[in-house]
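Heads up, the thing below is written out as C-alpha coordinates.
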Amino acid sequence: MPIEDEVDEVDVAADRGRWDGKDAPPVEFRDVHFSYPDRSPALRGISFTVRGGTQSALVGLSGAGKTTMFALLQRFYEPVAGRILIGGVDIASLPRAEVRRRIAYVEQESPVMAGTIEDNLTYAASDVTHEEVAEVLRLTRLDSLIERLPRGLRTEVGTRGLALSGGERQRLAIARALLRGPEVLLLDEATAQLDANNERALREAVEQAARRCTVLLIAHRLSTVTGADQIVVLEHGRVRGTGTHRELVEADVLYREPAASQMLVGDDGDGAGAAGAGGPTEEPVPVIR
(Lines give C-alpha, C1' and ligand atoms only; values in the text may rest on other atoms or scores of the structure.)
Protein backbone atom coordinates (compact mmCIF):
# COMPACT_ATOMS: atom_id res chain seq x y z
CA MET A 1 0.00 0.00 0.00
CA PRO A 2 1.46 3.44 -0.92
CA ILE A 3 2.22 5.55 2.13
CA GLU A 4 -0.21 8.24 1.01
CA ASP A 5 -3.02 5.67 1.24
CA GLU A 6 -2.25 4.78 4.87
CA VAL A 7 -4.95 5.73 7.40
CA ASP A 8 -3.91 8.45 9.84
CA GLU A 9 -4.02 7.70 13.55
CA VAL A 10 -6.19 10.42 15.04
CA ASP A 11 -5.75 9.75 18.77
CA VAL A 12 -2.00 9.99 19.28
CA ALA A 13 -1.47 13.67 20.13
CA ALA A 14 -2.76 13.76 23.69
CA ASP A 15 -0.59 15.15 26.48
CA ARG A 16 1.89 12.50 27.65
CA GLY A 17 2.02 12.70 31.42
CA ARG A 18 4.34 10.50 33.42
CA TRP A 19 3.50 7.56 35.65
CA ASP A 20 4.12 7.90 39.39
CA GLY A 21 6.10 4.63 39.61
CA LYS A 22 3.66 2.82 41.91
CA ASP A 23 1.98 -0.56 41.45
CA ALA A 24 3.41 -1.80 38.15
CA PRO A 25 0.44 -3.30 36.28
CA PRO A 26 -0.12 -6.84 35.02
CA VAL A 27 -0.27 -7.39 31.27
CA GLU A 28 -2.75 -9.94 29.90
CA PHE A 29 -3.33 -11.51 26.51
CA ARG A 30 -6.75 -13.16 26.39
CA ASP A 31 -7.36 -15.47 23.42
CA VAL A 32 -5.74 -13.02 20.99
CA HIS A 33 -5.94 -13.77 17.25
CA PHE A 34 -4.31 -11.70 14.52
CA SER A 35 -3.63 -11.96 10.79
CA TYR A 36 -1.77 -9.59 8.48
CA PRO A 37 -3.64 -8.89 5.21
CA ASP A 38 -3.44 -11.74 2.71
CA ARG A 39 -1.34 -13.88 5.02
CA SER A 40 -1.95 -16.88 7.24
CA PRO A 41 -2.74 -16.16 10.92
CA ALA A 42 0.19 -14.75 12.89
CA LEU A 43 -1.39 -15.32 16.31
CA ARG A 44 -3.80 -18.15 17.05
CA GLY A 45 -5.44 -17.76 20.45
CA ILE A 46 -2.60 -16.33 22.54
CA SER A 47 -3.36 -16.31 26.27
CA PHE A 48 -1.01 -15.62 29.18
CA THR A 49 -0.54 -13.14 32.03
CA VAL A 50 2.53 -11.20 33.11
CA ARG A 51 2.35 -10.29 36.78
CA GLY A 52 2.94 -6.64 37.57
CA GLY A 53 6.51 -5.74 38.44
CA THR A 54 8.00 -8.92 36.97
CA GLN A 55 10.07 -9.84 33.94
CA SER A 56 8.67 -12.14 31.24
CA ALA A 57 10.44 -13.29 28.09
CA LEU A 58 9.00 -14.31 24.72
CA VAL A 59 11.07 -16.94 22.91
CA GLY A 60 10.56 -19.05 19.82
CA LEU A 61 11.67 -19.50 16.26
CA SER A 62 11.43 -16.62 13.79
CA GLY A 63 7.82 -16.13 12.71
CA ALA A 64 6.38 -17.44 15.98
CA GLY A 65 4.58 -14.14 16.65
CA LYS A 66 6.83 -12.33 19.13
CA THR A 67 7.22 -9.02 17.31
CA THR A 68 3.53 -9.07 16.32
CA MET A 69 2.61 -9.19 20.00
CA PHE A 70 4.72 -6.11 20.71
CA ALA A 71 3.05 -4.29 17.80
CA LEU A 72 -0.39 -5.17 19.15
CA LEU A 73 0.55 -4.02 22.64
CA GLN A 74 1.40 -0.59 21.23
CA ARG A 75 -1.77 -0.55 19.11
CA PHE A 76 0.00 -0.32 15.78
CA TYR A 77 -2.45 -3.08 14.84
CA GLU A 78 -5.69 -4.30 16.40
CA PRO A 79 -6.45 -7.96 17.21
CA VAL A 80 -8.88 -9.80 14.97
CA ALA A 81 -10.29 -11.32 18.14
CA GLY A 82 -9.45 -11.39 21.82
CA ARG A 83 -8.33 -8.72 24.27
CA ILE A 84 -5.10 -7.21 25.57
CA LEU A 85 -5.22 -5.63 29.03
CA ILE A 86 -2.81 -3.46 31.00
CA GLY A 87 -3.71 -3.13 34.64
CA GLY A 88 -7.03 -4.83 33.97
CA VAL A 89 -8.04 -2.26 31.32
CA ASP A 90 -8.62 -3.32 27.71
CA ILE A 91 -6.19 -1.20 25.69
CA ALA A 92 -8.75 -1.04 22.85
CA SER A 93 -10.81 1.23 25.12
CA LEU A 94 -7.97 3.74 25.51
CA PRO A 95 -6.67 6.36 23.07
CA ARG A 96 -3.46 5.26 21.39
CA ALA A 97 -1.68 8.20 23.04
CA GLU A 98 -2.62 6.86 26.46
CA VAL A 99 -1.52 3.31 25.62
CA ARG A 100 1.83 4.52 24.30
CA ARG A 101 2.29 6.82 27.29
CA ARG A 102 2.17 3.73 29.49
CA ILE A 103 4.67 1.78 27.38
CA ALA A 104 8.35 2.33 26.58
CA TYR A 105 9.98 0.37 23.75
CA VAL A 106 13.69 -0.36 23.33
CA GLU A 107 14.69 -2.00 20.07
CA GLN A 108 17.73 -3.97 18.99
CA GLU A 109 19.49 -0.92 17.51
CA SER A 110 18.30 1.93 19.68
CA PRO A 111 18.87 5.38 18.14
CA VAL A 112 21.44 7.67 19.74
CA MET A 113 21.63 11.31 18.62
CA ALA A 114 24.71 13.43 18.20
CA GLY A 115 24.89 15.51 21.35
CA THR A 116 25.62 14.91 25.01
CA ILE A 117 24.66 11.94 27.17
CA GLU A 118 22.29 14.28 29.01
CA ASP A 119 20.63 15.32 25.73
CA ASN A 120 20.04 11.68 24.85
CA LEU A 121 18.65 10.86 28.27
CA THR A 122 16.18 13.72 28.58
CA TYR A 123 14.87 14.63 25.13
CA ALA A 124 11.67 12.64 25.73
CA ALA A 125 11.33 13.75 29.38
CA SER A 126 12.66 17.28 29.67
CA ASP A 127 11.02 17.89 33.06
CA VAL A 128 12.93 15.24 35.01
CA THR A 129 14.91 16.17 38.10
CA HIS A 130 18.61 15.59 38.74
CA GLU A 131 17.60 13.01 41.35
CA GLU A 132 15.54 11.07 38.80
CA VAL A 133 18.42 11.07 36.32
CA ALA A 134 20.81 9.85 39.01
CA GLU A 135 18.40 7.04 39.91
CA VAL A 136 18.06 5.66 36.38
CA LEU A 137 21.81 5.90 35.88
CA ARG A 138 22.21 3.75 38.98
CA LEU A 139 19.54 1.29 37.86
CA THR A 140 21.15 0.85 34.44
CA ARG A 141 24.70 0.65 35.80
CA LEU A 142 25.74 3.80 33.92
CA ASP A 143 26.63 5.78 37.03
CA SER A 144 30.18 4.43 37.15
CA LEU A 145 30.68 5.34 33.47
CA ILE A 146 29.51 8.91 34.07
CA GLU A 147 31.83 9.25 37.05
CA ARG A 148 34.83 8.26 34.92
CA LEU A 149 34.12 10.76 32.16
CA PRO A 150 35.78 14.18 32.62
CA ARG A 151 32.63 16.00 31.47
CA GLY A 152 30.15 13.55 32.99
CA LEU A 153 26.66 13.90 31.55
CA ARG A 154 27.90 16.67 29.26
CA THR A 155 30.14 14.25 27.37
CA GLU A 156 29.51 14.29 23.61
CA VAL A 157 28.52 10.85 22.28
CA GLY A 158 29.33 11.54 18.63
CA THR A 159 27.33 10.75 15.51
CA ARG A 160 25.00 7.81 16.23
CA GLY A 161 26.66 7.42 19.63
CA LEU A 162 29.94 6.10 18.24
CA ALA A 163 31.82 7.28 21.35
CA LEU A 164 29.90 4.67 23.36
CA SER A 165 30.12 0.90 23.25
CA GLY A 166 27.15 -1.16 22.08
CA GLY A 167 26.31 -2.11 25.67
CA GLU A 168 26.52 1.50 26.83
CA ARG A 169 24.21 2.62 24.01
CA GLN A 170 21.65 -0.03 24.94
CA ARG A 171 21.78 0.84 28.62
CA LEU A 172 21.44 4.51 27.69
CA ALA A 173 18.30 3.60 25.71
CA ILE A 174 16.85 1.76 28.72
CA ALA A 175 17.70 4.69 31.01
CA ARG A 176 15.97 7.07 28.58
CA ALA A 177 12.93 4.79 28.49
CA LEU A 178 12.74 4.62 32.28
CA LEU A 179 12.92 8.41 32.58
CA ARG A 180 9.65 8.55 30.64
CA GLY A 181 8.07 6.77 33.58
CA PRO A 182 6.52 3.78 31.75
CA GLU A 183 4.29 1.20 33.37
CA VAL A 184 5.46 -1.41 30.84
CA LEU A 185 8.92 -1.75 29.30
CA LEU A 186 9.28 -3.68 26.02
CA LEU A 187 12.75 -4.88 25.02
CA ASP A 188 13.12 -6.28 21.51
CA GLU A 189 16.37 -8.25 21.08
CA ALA A 190 18.17 -5.68 23.22
CA THR A 191 21.28 -7.87 23.67
CA ALA A 192 21.54 -9.41 20.20
CA GLN A 193 24.69 -7.49 19.20
CA LEU A 194 26.48 -7.50 22.56
CA ASP A 195 29.44 -9.45 23.86
CA ALA A 196 29.16 -11.48 27.05
CA ASN A 197 30.34 -8.75 29.43
CA ASN A 198 27.97 -6.13 28.02
CA GLU A 199 25.17 -8.67 27.95
CA ARG A 200 25.67 -9.34 31.66
CA ALA A 201 25.60 -5.62 32.46
CA LEU A 202 22.45 -5.13 30.40
CA ARG A 203 20.76 -8.12 32.02
CA GLU A 204 21.44 -6.59 35.43
CA ALA A 205 19.91 -3.34 34.20
CA VAL A 206 16.78 -5.19 33.08
CA GLU A 207 16.49 -6.91 36.45
CA GLN A 208 16.67 -3.51 38.13
CA ALA A 209 14.09 -2.06 35.74
CA ALA A 210 11.67 -4.87 36.59
CA ARG A 211 11.55 -3.55 40.15
CA ARG A 212 9.71 -0.42 39.01
CA CYS A 213 7.72 -1.48 35.93
CA THR A 214 6.53 -4.63 34.15
CA VAL A 215 9.08 -5.92 31.64
CA LEU A 216 8.46 -7.99 28.52
CA LEU A 217 11.41 -8.92 26.38
CA ILE A 218 12.03 -10.79 23.15
CA ALA A 219 15.23 -12.80 23.03
CA HIS A 220 16.85 -15.34 20.75
CA ARG A 221 19.94 -15.59 22.95
CA LEU A 222 18.55 -17.57 25.87
CA SER A 223 21.32 -16.56 28.28
CA THR A 224 19.52 -13.21 28.43
CA VAL A 225 16.35 -14.71 29.91
CA THR A 226 17.40 -17.54 32.24
CA GLY A 227 16.61 -15.33 35.24
CA ALA A 228 13.20 -14.15 33.97
CA ASP A 229 10.24 -14.72 36.27
CA GLN A 230 8.39 -16.30 33.35
CA ILE A 231 9.37 -17.50 29.88
CA VAL A 232 6.65 -17.89 27.23
CA VAL A 233 7.56 -20.31 24.44
CA LEU A 234 5.78 -19.54 21.16
CA GLU A 235 5.37 -21.78 18.13
CA HIS A 236 3.40 -20.98 14.97
CA GLY A 237 1.45 -18.22 16.69
CA ARG A 238 0.46 -20.27 19.72
CA VAL A 239 1.72 -20.51 23.30
CA ARG A 240 3.51 -23.83 23.48
CA GLY A 241 4.51 -23.55 27.13
CA THR A 242 5.24 -21.19 30.01
CA GLY A 243 7.51 -21.52 33.00
CA THR A 244 10.92 -20.67 34.39
CA HIS A 245 14.13 -21.62 32.59
CA ARG A 246 14.56 -24.70 34.78
CA GLU A 247 10.93 -25.81 34.31
CA LEU A 248 11.07 -25.45 30.54
CA VAL A 249 14.40 -27.27 30.23
CA GLU A 250 12.74 -30.21 31.97
CA ALA A 251 9.38 -30.06 30.17
CA ASP A 252 9.76 -28.62 26.63
CA VAL A 253 12.08 -30.02 23.96
CA LEU A 254 11.67 -26.89 21.77
CA TYR A 255 13.22 -24.89 24.59
CA ARG A 256 15.63 -27.55 25.89
CA GLU A 257 17.46 -28.13 22.59
CA PRO A 258 18.61 -24.51 22.00
CA ALA A 259 19.27 -24.14 25.73
CA ALA A 260 21.61 -27.13 25.52
CA SER A 261 23.31 -25.80 22.37
CA GLN A 262 23.93 -22.52 24.20
CA MET A 263 25.46 -24.40 27.16
CA LEU A 264 22.60 -23.38 29.46
CA VAL A 265 21.80 -26.93 30.61
CA GLY A 266 23.84 -28.71 33.25
CA ASP A 267 25.28 -32.18 32.74
CA ASP A 268 22.29 -33.63 34.58
CA GLY A 269 19.85 -31.73 32.31
CA ASP A 270 18.51 -29.63 35.16
CA GLY A 271 18.87 -26.21 33.54
CA ALA A 272 21.76 -25.10 35.76
CA GLY A 273 24.17 -24.41 32.93
CA ALA A 274 26.69 -21.64 32.49
CA ALA A 275 24.25 -18.75 32.70
CA GLY A 276 22.05 -20.47 35.25
CA ALA A 277 25.05 -20.86 37.51
CA GLY A 278 25.83 -17.17 37.65
CA GLY A 279 26.18 -15.52 34.25
CA PRO A 280 26.50 -16.05 30.51
CA THR A 281 29.48 -17.77 28.98
CA GLU A 282 32.37 -15.59 27.88
CA GLU A 283 32.32 -17.03 24.34
CA PRO A 284 29.71 -16.10 21.69
CA VAL A 285 26.76 -18.46 21.85
CA PRO A 286 24.39 -19.70 19.15
CA VAL A 287 20.93 -18.19 18.88
CA ILE A 288 17.52 -19.50 17.91
CA ARG A 289 16.67 -18.35 14.40
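Tabulated values for the structure
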{"quantity": "Long-range neighbours under 7 Å by Cβ, at least six apart or interchain, first residue on the phi > 0 side of the Ramachandran plot within the stretch 170-198, second modelled with pLDDT under 90 and of a type outside the set (Ser, Thr, Tyr)", "calculated": "Gly181/Arg18; Gly181/Trp19; Gly181/Gly21; Glu189/Gln108; Glu189/Ala219; Glu189/His220"}
{"quantity": "Residues being in a loop (DSSP other than H, G, I, E, B), more than 15 Å from Leu43 (Cβ to Cβ) and either among the hydroxyl-bearing types (Ser, Thr, Tyr) or free of Cβ contacts under 8 Å to residues at least 12 places away in the same chain (or both) - total across the stretch 63-110", "calculated": "2"}
{"quantity": "Considering residues of the stretch 111-121 that are out of contact with any helix residue (DSSP H, G or I) (no Cβ under 7 Å at 6 or more places or on another chain) and in a loop (DSSP other than H, G, I, E, B) only, the residue nearest to Val184 (Cα to Cα)", "calculated": "Pro111"}
{"quantity": "Some residue of the stretch 129-142 being under 15 Å from the mean Cα position of the chain (by Cα), surrounded by 17 or more Cβ atoms within 10 Å (Cβ to Cβ) and in contact (Cβ under 8 Å) with a residue 40 or more places away in the chain", "calculated": "yes"}
{"quantity": "Of residues in the stretch 47-57 being of a type outside the set (D, E, K, R) and part of a loop (DSSP other than H, G, I, E, B), the one nearest to Val27 (Cα to Cα)", "calculated": "Gly52"}
{"quantity": "Filter pass, Ala201 being touching a strand residue (DSSP E or B) at 6+ places or on another chain (Cβ under 9 Å), of a type in the set (Gly, Ala, Ser) and touching a residue at least 40 places away in the same chain (Cβ under 8 Å)", "calculated": "no"}
{"quantity": "Filtered residue count, the stretch 72-88, keeping only those that are more than 21 Å from the chain's Cα centre (by Cα) and within 19 Å of Cys213 (Cα to Cα)", "calculated": "0"}
{"quantity": "Selected residue (only one of Arg44, Arg39 is in a loop (DSSP other than H, G, I, E, B) and over 21 Å from Val99 (Cα atoms))", "calculated": "Arg39"}
{"quantity": "Ala175 assigned to a helix (DSSP H, G or I) and crowded, with 16+ Cβ neighbours inside 10 Å", "calculated": "yes"}
{"quantity": "Those strands (runs of 3 or more DSSP E) lying entirely in the stretch 197-289 with at least 2 residues at pLDDT 85 or above, hydrophobic (A, V, I, L, M, F, W, C) and closer than 24 Å to Phe29 by Cβ", "calculated": "214-218, 230-235"}
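Okay, residues lined up against (1) modelled with pLDDT of 95 or more; (2) over 20 Å from Ala92 (Cα atoms); (3) surrounded by fewer than 16 Cβ atoms within 10 Å (Cβ to Cβ):
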| site | (1), (2), (3) |
| --- | --- |
| Val12 | no, no, yes |
| Asp31 | yes, no, yes |
| Phe48 | yes, no, no |
| Ala64 | no, yes, no |
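For every residue, the table says whether it meets (1) assigned to a loop (DSSP other than H, G, I, E, B); (2) aliphatic (A, V, I, L, M).
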residue	(1), (2)
Ala124	yes, yes
Asp127	yes, no
Leu137	no, yes
Glu147	no, no
Gln170	no, no
Gly181	yes, no
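The values are calculated or read from the model by the stated rules, or taken from the named source; none is laboratory data. Everything quoted here is computed from the prediction, not taken from an experiment. Every residue, glycine among them, receives a Cβ derived from its backbone with ideal geometry; neighbour counts consider all protein chains shown.
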